[in-house]
Amino acid sequence: MSETYEFLVDLKKQPGKWAQRISAQLMYAVKLSKVNSGKYDRLIAETADFLRGMIEEEGALTRAAARQAETMILPLAEDAKAYKVICAAHAHIDMNWMWGYAETAAVAMDTFRTMLNLMQEYPRFTFSQSQASVYEIVEKYDPEMLSEIKQRVREGRWEVTASTWVETDKNMPSGESLARHILYTKLYLSRLLDLDPDSLRLDFEPDTFGHSRNVPEILANGGVSFYYHCRGKTGENIYRWQAPSGRSLIVYYEPYAYNAAIDTDVALAVPEFCSKNGLDTMLKVYGVGDHGGGPTRRDLEKILEMDSWPVYPRFAFGRFADFYQILESKSQQWQVVDDELNFVFSGCYTTQSRIKLANRLSEARLYDAEVMSTMAGSWTGNSYPAAMYAQAWRKVLFAQFHDILTGSG
């Protein structure tokens, strides 16, 4: 099929939506046939030969020729539609990278306004957003927008994927800090968005540079079951990550990119991915990121368009929870990884030592202060200043963002 596939790659380069449509379906058909022991190779080759002949005769690919080719491969439709792609939209917002807090706040507000507007235009569109700190920004600067977000959360169309205050580094913060991330995030978001704290089961860490082997222990004890990352370990995309204690998480290691657009290439990985993992569903994470932005109108239109193609996977707007629910139902079949997931950008762990020292001093001084306050309260009867300490901890946790504590910002 190599010659046929090369022809389809060249066909895809031709202008016009029909060249894109039929070449994409035929390239997907090649991948589909491969996991079915070449079941459709002959039909695909015959269809490609038909198109080649029509192009030579007409001088270009016509709509009629593409339509006819699509009809020729309809016997593949049932197998093609047996696979599904869950499209989970998100916006990666760096708390600090090449900008300061004021710009971060503006980026978050602009991104969320765009997402809410898209939800009005596209009734099936769903969106997912991590990091408790961005919701604090909305609460502080635009309470009316917060009301809109809460409504979409109630509808199940705005998914909260935050189990930590920020997308934190997972190596340098103390165990106490990592526990506080979960504690303050669950307390805050359950109050702010009327959520059951037990529903916050995903730790979404796409850009974190490394992951200590004790992370599963801390997260599992905090009621978190699922983990998502894009950096660190390479190899299996789905596995159980186990701590030395035996506590574990179901992990999805992103094989493509978390800052991604929707295009026809999405489908090409589906048959092999699903066949390898014993699934009929693949996750596609999309949305402009780093400086916010999220999915575009073009992405949404492409999802709707590709879902209508007869020899293509089913495409659906969805949530991370939808995909992890499938993985959880097959939890016993996943390979166990009992190791750290380290690390990329090693210089981020060896430079900017003043930032790292400041973090360690902040953690230690807060711990000491809390101990002294507890002792003082028992001697004097004064109430423990929990709100003051919570505010102080949130500042420390914010500074553990993976571009702040590492110094890459």
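The values are calculated or read from the model by the stated rules, or taken from the named source; none is laboratory data. Owing to the predicted nature of the structure, the values given are computational and were not obtained by experimental measurement. Cβ coordinates were reconstructed from backbone atoms using ideal geometry, including for glycine residues, and neighbour counts include every protein chain displayed. Surface areas here come from the heavy atoms of the whole protein model, side chains and all, with no ligands, DNA or RNA. Shrake-Rupley method; radii C 1.70, N 1.55, O 1.52, S 1.80 Å.
Descriptive notes on the structure:
- Boolean, A102 is assigned to a helix (DSSP H, G or I) and surrounded by fewer than 20 Cβ atoms within 10 Å (Cβ to Cβ): yes
- For the stretch 206-218, the set of residues classified as open to solvent by 20 Å² or more (accessible area, probe 1.4 Å) and either over 15 Å from I182 (Cβ atoms) or in contact with a His (Cβ under 6 Å, 6 or more places away or on another chain) (or both) consists of R213 only.
- Residue count for the stretch 277-328, restricted to those that are among the basic types (K, R) and in contact with a Cys (Cβ under 7 Å, 6 or more places away or on another chain): 1.
So that you can scan it fast, the table gives a plain yes or no per residue for (1) without any contact (Cβ under 8 Å) to a residue 40 or more places away in the chain; (2) open to solvent by 40 Å² or more (accessible area, probe 1.4 Å):
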residue	(1), (2)
F204	no, no
A220	yes, no
G232	no, no
S275	no, yes
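- Residues of the stretch 66-99 satisfying the condition of being open to solvent by less than 10 Å² (accessible area, probe 1.4 Å), touching a Pro at 6+ places or on another chain (Cβ under 9 Å) and either of a type in the set (F, W, Y) or part of a loop (DSSP other than H, G, I, E, B) (or both): I73, A91, H92
- F112 vs. criteria open to solvent by less than 80 Å² (accessible area, probe 1.4 Å), under 30 Å from D169 (Cα atoms), assigned to a helix (DSSP H, G or I) and among the aromatic types (F, W, Y): yes
- Count of the stretch 56-87 residues which are farther than 18 Å from P310 by Cα and free of Cβ contacts under 8 Å to residues at least 12 places away in the same chain: 4
- Residue within the stretch 200-209 that is in a helix (DSSP H, G or I) and at pLDDT 95 or above present: no
- Apart from one condition, T164 fits all of (1) of a type in the set (S, T, N, Q); (2) surrounded by fewer than 23 Cβ atoms within 10 Å (Cβ to Cβ); (3) touching a residue at least 24 places away in the same chain (Cβ under 8 Å); the exception is (2).
- Any pair with Cβ under 9 angstrom, 6 or more apart, that starts in the stretch 9-30 at a residue that is without any contact (Cβ under 8 Å) to a residue 24 or more places away in the chain and among the basic types (K, R) and ends at one that is crowded, with 18+ Cβ neighbours inside 10 Å and assigned to a helix (DSSP H, G or I): K13/A19; K13/S23
- Taking the stretch 153-199 as the range and being of a type outside the set (G, A, S), over 22 Å from A91 (Cβ atoms) and not in a helix (DSSP H, G or I) as the test, the residues that pass are N171, M172, P173, D194, D196.
- Condition met for R52 (in a helix (DSSP H, G or I), open to solvent by less than 70 Å² (accessible area, probe 1.4 Å) and either of a type in the set (S, T, N, Q) or within 29 Å of T281 (Cβ to Cβ) (or both)): no
- Taken over the stretch 357-389, the criterion of being at pLDDT 95 or above, surrounded by 12 or more Cβ atoms within 10 Å (Cβ to Cβ) and among the aliphatic types (A, V, I, L, M) is satisfied by A358, A364, L366, A369.
- Residues of the stretch 11-40 that are within 20 Å of I262 (Cα to Cα) and part of a loop (DSSP other than H, G, I, E, B): K13, Q14, P15, G16.
- Enumeration of residues in the stretch 278-308 that are aliphatic (A, V, I, L, M), more than 29 Å from T104 (Cβ to Cβ) and open to solvent by 40 Å² or more (accessible area, probe 1.4 Å): L304
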